[in-house]
Amino acid sequence: MNIKIKDLTKIYPSGHKALNGLNLEINPGMFGLLGPNGAGKTSLMRIMTLLQNPSSGTIFFDDYDIARDRKAIRSILGYLPQDFRFFEKFKTWEFLDYAASMAGIKGTKKRAEIVDEMLRKVGLFDVRDRWANHLSGGMKRRLGIAQAIVSNPKVIIVDEPTTGLDPEERIRFRNILSEVSNKDTIIILSTHIVGDISSTCKNLALLNRGELKFEGSPDDMIALANDKVWEIFVNDFELQDIKEKYPIISTIPSAGGGWDIQVVADEIDGFSGKLVPPNIEHAYVYFMDYLLNDKMDMYSKKSGIIY
């Protein structure tokens with residue numbers, strides 16, 4: 001399976017251009033989609049899942065074109081939206097059985113076997129008879145991924161899957177996605193939690209104002225922030241001053257008074273600090289600071305340059 005997004009543009013009736021000539025290729029495996037609010041992520045996913053039409057351009061799923069092969073594309077898609085909901089009067093297994101039926105899985109016995117297999121895979125078999133609306137938040141998200149993968153789709157798209165989950169549920173959810181991933185399946189993970197991307201995805205794309213601004217691996221992005229992350233000790237007065245100059249990653253009260261902070265910047269004028277190794281969160285903040293201040297157009301993993 002291969003996805004090719006070609007010259008994709010989406011302009012809403014209000015005149016807002018959510019996507020602006022987007023070109024992107026996605027290959028099998030876990031693929032991360034990052035970007036701030038309004039970057040165009042949701043518009044892209046809604047077009048990919050055939051819930052919206054583009055203003056121009058198209059998307060190919062192998063040889064299937066969203067403009068003419070919609071039924072075929074639907075048969076290979078699994079989708080977990082951010083606002084995933086289910087029928088409150090269904091028990092857990094009943095909802096998943098309904099989802100399997102809607103996905104075209106015929107035969108009561110066959111569906112029952114698949115439903116039980118999916119419930120075991122996502123750790124919900126022991127609560128299969130519980131009313132779906134009585135599940136915890138993490139369990140509901142696991143039920144959501146179960147309905148997205150119940151038909152064994154070739155492309156799985158998940159939108160902000162770990163928002164609001166505690167750390168244990170976030171790790172569990174990421175592990176489920178990793179287990180589903182294989183050499184033939186594409187899983188697109190859209191999130192603002194950059195830690196989810198670095199823990200699961202080999203490649204990612206960063207959108208900003210409807211345009212592709214970064215394409216590469218998490219390590220590619222982290223490398224951009226080498227020698228850009230500073231650890232500084234400041235007093236209360238200096239803290240207010242530095243907030244106005246640099247993006248602050250963390251602020252920790254120091255035992256002897258004052259603050260131990262981390263900032264991302266090319267240089268720190270008027271302060272003394274030490275460089276520390278960057279992580280994906282540092283890199284994302286550094287990258288977005290450059291984008292928002294129009295210092296960077298796009299990073300290309302092929303050329304390895306910013307231009």
- Item | Whichever residue in segment 258-280 is in a loop (DSSP other than H, G, I, E, B) and charged (D, E, K, R) and, among such residues, is modelled with the lowest pLDDT | Asp269
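Quick check on this structure: which one of Gly210, Gly195, Gly257 is assigned by TED's automatic domain parsing to the domain that holds Glu168 and over 25 Å from Gly21 (Cβ atoms)? Break it down into steps so the answer makes sense when it comes.
Values: Gly210 fails: over 25 Å from Gly21 (Cβ atoms); Gly257 fails: assigned by TED's automatic domain parsing to the domain that holds Glu168.
Exactly one of Gly210, Gly195, Gly257 is assigned by TED's automatic domain parsing to the domain that holds Glu168 and over 25 Å from Gly21 (Cβ atoms), namely Gly195.
Are any of the residues in segment 110-126 aliphatic (A, V, I, L, M), over 28 Å from Thr162 (Cβ atoms) and surrounded by fewer than 17 Cβ atoms within 10 Å (Cβ to Cβ)? Walk me through how you get there before you give the answer.
Here is the first cut: in segment 110-126, the ones aliphatic (A, V, I, L, M) are 112, 114-115, 118-119, 122, 124.
Filter once more, keeping what is over 28 Å from Thr162 (Cβ atoms): 112.
Filter once more, keeping what is surrounded by fewer than 17 Cβ atoms within 10 Å (Cβ to Cβ): 112.
Yes - at least one qualifying residue is present in segment 110-126.
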- Message: On the basis of being touching a strand residue (DSSP E or B) at 6+ places or on another chain (Cβ under 9 Å) and without any contact (Cβ under 8 Å) to a residue 40 or more places away in the chain, does Tyr290 make the cut?
- Response: yes
- Query: In this structure, is Leu275 surrounded by fewer than 19 Cβ atoms within 10 Å (Cβ to Cβ) and hydrophobic (A, V, I, L, M, F, W, C)?
  - Reply: yes
- Message: Is it the case, given these coordinates, that Asp297 is over 18 Å from Val194 (Cβ atoms), modelled with pLDDT under 90, in a loop (DSSP other than H, G, I, E, B) and touching a Phe, Trp or Tyr at 6+ places or on another chain (Cβ under 8 Å)?
- Response: yes
- Message: Take residues that are among the aliphatic types (A, V, I, L, M) and touching a residue at least 24 places away in the same chain (Cβ under 8 Å) and tell me which of the helices (runs of 4 or more DSSP H) falling wholly in segment 1-113 contain 1 or more.
- Response: 41-48, 92-102
- Item | Every residue from segment 182-215 that is surrounded by fewer than 19 Cβ atoms within 10 Å (Cβ to Cβ), among the small types (Gly, Ala, Ser) and not in a helix (DSSP H, G or I) | none
- For residues in segment 237-257 being in a helix (DSSP H, G or I) and exposed (fewer than 15 other Cβ atoms within 10 Å of the Cβ), which is nearest to the chain's Cα centre (by Cα)? Lys243
- Task: Out of the residues in segment 216-236 that are outside any loop (DSSP other than H, G, I, E, B) and of a type in the set (Asp, Glu), state the one that is nearest to Phe173 (Cα to Cα).
- Result: Asp219
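Specify which of the listed residues (Arg120, Arg141) is part of a helix (DSSP H, G or I), basic (Lys, Arg), more than 16 Å from Ile26 (Cα to Cα) and touching a residue at least 12 places away in the same chain (Cβ under 8 Å).
Details: Arg120 fails: touching a residue at least 12 places away in the same chain (Cβ under 8 Å).
Sole residue among the options that is part of a helix (DSSP H, G or I), basic (Lys, Arg), more than 16 Å from Ile26 (Cα to Cα) and touching a residue at least 12 places away in the same chain (Cβ under 8 Å): Arg141.
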- Would you point out which residue out of Pro161, Pro153 is assigned by TED's automatic domain parsing to the domain that holds Phe60, assigned to a loop (DSSP other than H, G, I, E, B) and out of contact with any helix residue (DSSP H, G or I) (no Cβ under 9 Å at 6 or more places or on another chain)? Pro153
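The values are calculated or read from the model by the stated rules, or taken from the named source; none is laboratory data. Predicted model, so just to flag it, every value in this text is computed and none were measured. Neighbour counts run over all protein chains shown; Cβ positions are idealised from the backbone, glycine included.
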